[in-house]
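Working notes, beginning with the structure itself.
The values are calculated or read from the model by the stated rules, or taken from the named source; none is laboratory data. The model shown is predicted, which means the values in this text are computed figures rather than measured ones. With ideal geometry, Cβ positions are generated from the backbone for all residues, glycine too; neighbour counts draw on all protein chains shown.
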Amino acid sequence: MQKTFFQPEFETMPVDEIKKLQDEKLVKQVKYVYENVKYYRDLMDKKGVKPEDIKGTEDLHKLPFLKKDDLREAYPYGLLATDVKNCVRIQSTSGTTGKRVVAFYTQNDVDMWEDCCARAVVAAGGSNGDVCQVCYGYGLFTGGAGLHGGSHKVGCLTLPMSSGNTERQIQFMMDLNSTILCCTPSYAAYIGETLKEKGYKPEDNKLKAGIFGAEPWTEEMRQDIQKSLGIKAYDIYGLTEISGPGVAFECEEQAGMHINEDHFLAEIIDPETGESLPIGSKGELVFTSLDKEAFPLIRYRTRDICVLSREKCSCGRTFVKMTKPLGRSDDMMIIRGVNVFPSQIEAVLINCGYAPNYQIIVDRVNNTDTFDINVEMKDTDFSDTPKGITAKEKELQSAMKTMLGINPKIHLVAPKSIARSEGKAVRLIDKRKRLGINV
């Protein structure tokens with residue numbers, strides 16, 4: 001298979017040259033941040049480290065971390081490293097609790113971000129002969145803006161659909177022969193489901209690839225989407241704090257995402273101690289932006305749990321790979337003392353033949369955690385007898401216990417009774433928070 005890259009001089013750079021480039025950029029960036037961001041300078045001073053102490057990436061561990069709480073505390077301008085007149089854009093997280101995280105971009109920052117997204121589009125087989133339908137939300141959310149800019153740079157005919165209005169999405173997809181779909185995986189699954197309801201078969205559309213991110217999804221869900229849409233489904237990773245989607249992306253191997261190491265320095269730490277871990281270890285992903293001008297973050301804790309790998313990739317890219325996030329240390333639920341990730345529940349459902357339409361409800365009654373999962377029945381099960389439905393609930397409960405080590409109460413509910421998502425799916429309702437319980 002022919003290898004194609006958007007910027008081969010970087011994407012296929014020898015590993016020792018990547019290391020040298022990162023060393024040079026890190027030294028320069030630490031000095032820049034120290035001189036221009038008082039908030040981070042104070043953190044460095046408190047830890048007793050100066051810019052001249054950083055000679056290269058081997059000294060990264062000397063620097064203090066940044067966390068989301070720091071970004072909220074410094075809101076809105078406390079981490080801005082340049083005069084606001086040099087900034088051309090603001091993006092913001094899609095979170096709904098506390099102060100929003102606001103990220104600033106110079107034109108160079110925007111160009112770099114769009115280059116990273118263009119790399120992702122090309123890695124998914126995109127070219128100037130493709131029609132790229134962007135169904136991520138536009139506005140403050142980074143999804144739409146990032147893939148839109150990346151698609152433009154590749155030369156695709158770009159459809160800035162944004163999220164929602166699925167009827168119109170399908171009309172444009174079919175009429176304009178869209179070949180690449182960009183959206184959240186849960187929305188891709190919904191589009192596939194709606195196409196089937198309308199009588200379309202996977203071969204009826206012209207889609208060949210999908211670039212999906214912004215929420216956790218499992219390998220099982222990937223296979224389900226690929227089957228329903230007749231495509232190859234590629235993962236993309238990013239976060240507003242670092243730039244947006246395009247920090248890392250999957251290639252044709254579909255076996256981990258290449259991190260754009262010429263722009264982002266990745267490390268894995270122990271989430272409890274903060275200790276740096278060797279490559280191949282499972283831990284929390286931490287990023288340092290190497291050449292951001294407006295909002296350069298150093299050692300930012302993502303809370304995503306993953307593993308990094310330097311194994312040679314058949315696509316020819318030399319950038320380090322990260323696994324799909326295996327969970328988030330701050331999204332992890334502790335139920336009756338057991339660590340539970342929503343992605344584990346999703347994997348069980350798909351393996352048992354259920355669509356990933358579910359909702360987790362956790363509460364505390366009489367000092368004991370309750371754990372309920374509402375799952376939509378398959379159409380073929382909806383007409384089953386109450387006794388038959390109960391038997392299926394018990395089967396699913398047993399599978400959940402095997403995966404989680406804890407017994408949830410399963411409720412099979414009618415098809416279409418759980419609200420569909422056109423953006424990030426709301427999977428968890430944790431009612432313990434209303435009681436002031438730290439979960």
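Odds and ends about this structure:
- Restricted to helices (runs of 4 or more DSSP H) entirely inside segment 1-110, those with at least 3 residues that are more than 30 Å from residue 312 (Cβ to Cβ) are 15-36, 38-47, 68-73.
- Counting only strands (runs of 3 or more DSSP E) that sit completely within segment 347-417, those holding 1 or more residues that are at pLDDT 90 or above, surrounded by 13 or more Cβ atoms within 10 Å (Cβ to Cβ) and polar (S, T, N, Q) correspond to 358-365, 368-376.
- Residue count for segment 166-204 satisfying the condition of being without any contact (Cβ under 8 Å) to a residue 40 or more places away in the chain and not in a helix (DSSP H, G or I): 4.
- Among (1) at positive phi; (2) of a type outside the set (Ser, Thr, Tyr); (3) without any contact (Cβ under 8 Å) to a residue 12 or more places away in the chain - the single one residue 214 does not satisfy: (3)
- When each of 195, 181, 176 is tested for being of a type in the set (A, V, I, L, M, F, W, C), assigned by TED's automatic domain parsing to the domain that holds residue 123, more than 24 Å from residue 149 (Cα to Cα) and modelled with pLDDT of 95 or more, the lone residue that passes is 195.
- Criterion (among the hydrophobic types (A, V, I, L, M, F, W, C), more than 16 Å from residue 326 (Cα to Cα) and out of contact with any Lys or Arg (no Cβ under 7 Å at 6 or more places or on another chain)) met by exactly one of 268, 298, 236: 298
- Scanning segment 1-47 for residues that are among the basic types (Lys, Arg) and at pLDDT below 95 yields a total of 1.
- Among all positions in segment 229-246, there is no residue which is out of contact with any strand residue (DSSP E or B) (no Cβ under 8 Å at 6 or more places or on another chain) and crowded, with 21+ Cβ neighbours inside 10 Å.
- For residue 280, the stated conditions do not hold, so it cannot be described as outside the structural domain of residue 362 (by TED's automatic domain parsing), assigned to a loop (DSSP other than H, G, I, E, B) and out of contact with any Ser or Thr (no Cβ under 7 Å at 6 or more places or on another chain).
- Taken together, 315, 306 contain a single residue that is buried (at least 19 other Cβ atoms within 10 Å of the Cβ) and in contact (Cβ under 8 Å) with a residue 60 or more places away in the chain, which is 315.
- Of all the listed residues (380, 370), the sole one being over 24 Å from residue 186 (Cα atoms) and assigned by TED's automatic domain parsing to the domain that holds residue 358 is 370.
- All conditions but one from (1) in a helix (DSSP H, G or I); (2) crowded, with 20+ Cβ neighbours inside 10 Å apply to residue 158; the one that does not is (1).
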